[in-house]
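Below is one structure, written out as structure tokens, with a few remarks after it.
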Amino acid sequence: MVLRAKIDMASSNMHFRDPIIYRVIHIPHHRTGNTWKAYPMYDFAHGQSDYFEGVTHSLCTLEFVVHRPLYDWFIDQLADSDYRPHQYEFNRLSLTYTVMSKRKLLQLVQENLVSGWDDPRMPTLSGMRRRGYTPEAIRSFIDKIGYTKYDGINDVSLLEHAVREDLNATATRVSGVIDPVKLVLTNYPAEKVEDMEAINNPENESQGSRPVKFSR
């Protein structure tokens, strides 16, 4: 059973004709039990919740553009003050070769296909942090792609470029040898040790250098 608001049956926007504002459910709620039988729908509660909670900007993805007239209409019915929140829509962030759907990512976590939300393979902020991505690199990527009113897919190479660009300017250069082979320079003095200088970051002189021992 539902309760509808008959607003404008001639409207070209189907969401603005007779939207459902309440649904009646007799099944006990998992938190409130049998306390309530009627529950407000998203379109009915969205604008009013923002109004009473003092929200100024409600940021939504593009599929909510057609819902904005309802958002504004329900707020207009309150008319308690000059204050009113506004809904703004923008494109969803999508990356090539990357699953961004929270529902699908949740499935990966629940089925233990990844170690958690911070698994380095996950396209989450905590996952990217464990992967070594810096906040500055992520902000730079977002600044470069911007946001639009059109759906589009961004190439993941743009994110990788932002990460390389940031790390190239800030990361200390180090090197190591796994399973080294011992080499003895027979024509080099046995007791002699030279201090060589290795630059920490050729892109940033302020990071200085470090000594490296060279001997026979």
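Couple of notes before you dig in:
- Strands (runs of 3 or more DSSP E) contained in the range 1-79 and holding at least 1 residues surrounded by 12 or more Cβ atoms within 10 Å (Cβ to Cβ) and touching an Asp or Glu at 6+ places or on another chain (Cβ under 8 Å): 2-4, 20-24, 57-61
- Within the range 143-161, the set of residues being under 20 Å from residue 99 (Cβ atoms) and touching a helix residue (DSSP H, G or I) at 6+ places or on another chain (Cβ under 8 Å) comprises 145, 151, 154, 158, 159.
- Sole exception among (1) among the polar types (S, T, N, Q); (2) under 24 Å from residue 4 (Cα atoms); (3) in contact with a strand residue (DSSP E or B) (Cβ under 7 Å, 6 or more places away or on another chain) for residue 61, by number: (2)
- Qualifying residue in the range 159-181 (condition: outside any loop (DSSP other than H, G, I, E, B), at pLDDT 95 or above and β-branched (Val, Ile, Thr)): yes
- Residues that are hydroxyl-bearing (Ser, Thr, Tyr) and touching a residue at least 12 places away in the same chain (Cβ under 8 Å) within the range 80-110 comprise 83, 88, 94, 96, 97, 98, listed in sequence order.
- Residues in the range 62-97 that are within 30 Å of residue 153 (Cα to Cα) and of a type in the set (Gly, Ala, Ser): 94 only.
- Hey, residue 193 at pLDDT below 95, exposed (fewer than 13 other Cβ atoms within 10 Å of the Cβ) and either in contact with a strand residue (DSSP E or B) (Cβ under 7 Å, 6 or more places away or on another chain) or at positive phi (or both) or not: yes
- Filtered residue count, the range 36-64, keeping only those that are small (Gly, Ala, Ser) and in contact (Cβ under 8 Å) with a residue 60 or more places away in the chain: 0
- Cβ separations smaller than 9 Å between residues 6+ apart or across chains give the following pairs from the range 67-79 residues that are acidic (Asp, Glu) to residues that are not in a helix (DSSP H, G or I): 72/84; 72/86; 72/87; 76/84.
- Checking 105, 78, 70 one by one, the residue that is at pLDDT 95 or above and more than 21 Å from residue 147 (Cα to Cα) is 105 and no other.
- Which numbered condition residue 149 misses (of (1) assigned to a helix (DSSP H, G or I); (2) surrounded by fewer than 16 Cβ atoms within 10 Å (Cβ to Cβ); (3) not small (Gly, Ala, Ser)): (1)
The values are calculated or read from the model by the stated rules, or taken from the named source; none is laboratory data. It should be emphasised that the depicted structure is a prediction, and the values quoted were computed from it without experimental measurement. Here the Cβ is made from the backbone with ideal geometry for all residues, glycine too, and neighbour counts use every protein chain on show.
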